[in-house]
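The values are calculated or read from the model by the stated rules, or taken from the named source; none is laboratory data. Just so you know, these numbers come straight off a predicted model, no measurement behind them. Virtual Cβ from ideal backbone geometry, glycine too; neighbours counted across all protein chains shown. Only protein heavy atoms, including side chains, enter the accessible area calculation; ligands, DNA and RNA are left aside. Shrake-Rupley method; radii C 1.70, N 1.55, O 1.52, S 1.80 Å.
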Amino acid sequence: MSDKPAEPATSPEIVAGNGLLHRRLFLTQGAALVGTGGLALLAARPAGAETLTVPTWTKTIGAPMSGYGVPSKHEGKVQRIVRPGAPGAPGTGGSRTPLELVNGTITPAGLHFERHHNGIPDIDPAQHRLVIHGKVKRPLSFTVESLLRYPTVSRIQFLECSGNSALGWAREAPQQSVGSIHGLLSCSEWTGVPLSVLLDEAGVEPGAAWVLAEGADSAAMSRSVPLAKALDDAMVALWQNGERIRPEQGYPMRLFLPGFEGNMSVKWLRRLQVNDAPTMTRDETSKYSDLMPDGKSWLFTFTMGVKSLITSPSQGFRMQGPGLYEISGLAWSGAGKIRRVEVSADGGQTWGEAALTDPVLSKSLTRFRMAWRWNGGPAILKSRAIDETGALQPTRDELITQRGERSNYHYHGIQPWSIAATGEVTNVHA
Ligand SMILES: Nc1nc2c(c(=O)[nH]1)N[C@H]1C(S)=C(S)[C@@H](COP(=O)(O)O)O[C@H]1N2
Ligand SMILES: [Mo]
């Protein structure tokens, strides 16, 4: 007879180095955790009947209803991370989603990241027009009211600025929160009119291959969109998470191009000009192009690369002693669905497969979860995603070998977090 205590039948097995456990823990809604004594999650303490007293809020009448709800007053620290751009131009710059303070995959509209080139215009929806012109048989002008009568589609999809994670290119790993480094990334349910429906009505002339999209903001931001994308899954979005799109996101309407760099999803959309060729606007030539080591630039790198991040634990967190932890994060790809996410706790020597939380949608954020028994020693956590095309998220070194170090955009390397024996979590290039 062995003198080892019998492992409970539900005990999860180790799948990779330094304490990574089988994803089954999350596939069975955590049921496997119950009754495995030593594995109990961190927080709970044994409860006696005296533990549950009747608090004052149970003994007084609650607050009445309200016309538009807001989060609990106890959650006031959950705010966008605001980064103004140029001095004297407060409308330029951006704000980021605090990715470490949210969960699931849908970003509350009030926390959706913002990137404005010259502030948010104060648009009167009754006066706003969208015009489709150029190489079309019937130039058309739409009011908001008229667009609201068209057939709509709804899709849950991410939006990511191509300047997101640009600090990944920096030689020193920045000691900033995950939202502060990677928070030019959000995900909403977008509802609107398929652009193909509107272009079809206008009647695209033979030979046309591009569409210029222009915004009604004082930056008049404009980008050229391949006609193929415009006819594929592009949408004129009017709604966001069930309500009319917010001013920050393009009220009363924006172009939404699933999986493409955020800059092309032109907000406050006022004009679509069908053309033979790209217009070579400022934002697609001097900006949003990738400078290669040989001094040439890549233009038109539209599709956002396959990417993932561990959001918990992440920089700034402090581990509460050895034991079982949930590692949780986000994965996404501009090319389609996430097929698989792998997590490492030993700096990338060994990898275990994470559980993906349903639904796994195309060009959307996918939440992954992994169980980890931290032994209290130093560890380096990493995640890497593989999308349905088979593309694998590169390491930082692989990305730099491919692209050099002169780029500002399209960083999608693996993000390592270092766990010290003290429990401190920091950012490292590893
Ligand atoms: N008209 C207009 N469209 C715009 C911008 C802008 O400044 N003006 N910013 C672009 C950039 S760079 C990005 S990343 C996304 C940001 O969208 P969001 O602010 O809704 O997150 O909108 C794009 N569309
Ligand atoms: Mo952007």
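Before moving on, here are some points about what is shown:
- Annotation: lysines with alpha-carbon distance below 22 angstrom to LYS229 (same-chain offsets under eight excluded): LYS135, LYS137, LYS267, LYS287, LYS307, LYS337, LYS363.
- Relative to the current alpha-carbon distance between THR60 and TRP298, full extension at 0.36 nm per residue lengthens the span by 79.3 nm.
- Residues in region 334-359 that a label on LEU392 would reach, taking backbone N under 18 Å of a point 7 Å out along Cα→Cβ: 338-354
- Residue ranking by accessible heavy-atom surface, 1.4 Å probe, largest first, among TRP57, TRP417 comes out as TRP57, TRP417.
- Placing dummy labels 7 Å off each Cα toward the beta-carbon, the span from ARG246 to VAL153 is 2.5 nm.
- Seen from a random direction on average, the alpha-carbon convex hull of the chain projects onto 26.8 square nanometres.
- Per residue, the convex hull volume that the Cα atoms of region 129-288 enclose (Å³): 118 Å³
- Other-chain or far-sequence residues with amide H under 5 Å of LEU21's (modelled H): VAL15, ALA371, TRP372, ARG373
- FRET E, pair THR92, LEU231, Förster distance 30 Å, beta-carbon r, rounded to 0.05: 0.35
- For the chain, the 222 nm mean residue ellipticity estimated from helices alone, with every DSSP H stretch of n ≥ 4 adding -39500 (n - 2.57) and the total spread over all residues, rounds to -2000 deg cm²/dmol.
- Between ARG340 and ILE386, the built amide H atoms are under 5 Å apart, and every one of these is 5 or more places off in sequence or on another chain.
- Calculated P(r) tail over 15 Å for region 359-413, as whole % of Cα pairs: 65 percent
- Whole-Å distance, taken between Cα centres, linking region 221-247 and region 271-315: 17 Å
- Restricting the GluC sites (Glu not before Pro) of region 135-195 to loop positions (DSSP other than H, G, I, E, B) with no more than 13 neighbouring Cβ atoms within 10 Å leaves GLU172.
- Backbone N under 18 Å from the GLU172 label point (7 Å along Cα→Cβ), restricted to region 293-331: 315-316
- Solvent accessible area, Å² - ARG384, 1.4 Å probe, full protein context: 60 Å²
- Cα→Cβ-extended label distance, 7 Å offset, between GLN320 and LEU140, nm: 5.6 nm
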